[in-house]
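Student: Please see the structure below; I have some questions.
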Amino acid sequence: MTETEILKIMAEAKRQVEADARASKAYRYEDMRERKIKEIYVFYPEIAELTAGKFKELWDAA
């Protein structure tokens with residue numbers, strides 16, 4: 001999986017988290033983000049293998 005593909009996945013995940021956070025008053029953004037990241041790890045094991053620093057770098061760039 002290329003870095004560009006990972007960035008696309010992360011950008012979509014961030015968009016979904018932000019939309020869900022705006023729509024829901026019951027959950028905090030951080031909780032929704034954590035759940036979405038776990039979901040990404042299940043569907044994209046290559047992303048789960050990234051180091052924490054690389055993951056943060058890509059997540060921030062997305």
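The values are calculated or read from the model by the stated rules, or taken from the named source; none is laboratory data. Everything numeric in this text was worked out from a predicted model, so none of it was measured. Neighbour counts are summed over all protein chains in view; Cβ atoms, including those assigned to glycine, are modelled from backbone coordinates with ideal geometry.
Student: For TYR41, state whether it is on the phi < 0 side of the Ramachandran plot and outside any helix (DSSP H, G or I).
Tutor: no
Student: Report, by residue number, each residue of the stretch 27-43 that is closer than 15 Å to ASP60 by Cα and either free of Cβ contacts under 8 Å to residues at least 12 places away in the same chain or hydrophobic (A, V, I, L, M, F, W, C) (or both).
Tutor: Listed by number, the residues that qualify are GLU30, GLU34, ILE37.
Student: I'd like to check something: does the stretch 28-46 contain any residue that is at pLDDT 90 or above, of a type in the set (Ser, Thr, Tyr) and out of contact with any Cys (no Cβ under 9 Å at 6 or more places or on another chain)?
Tutor: yes
Student: Can you name every residue in the stretch 13-37 that is loosely packed, with under 11 Cβ neighbours inside 10 Å and not in a loop (DSSP other than H, G, I, E, B)?
Tutor: ARG22, ALA23, GLU30
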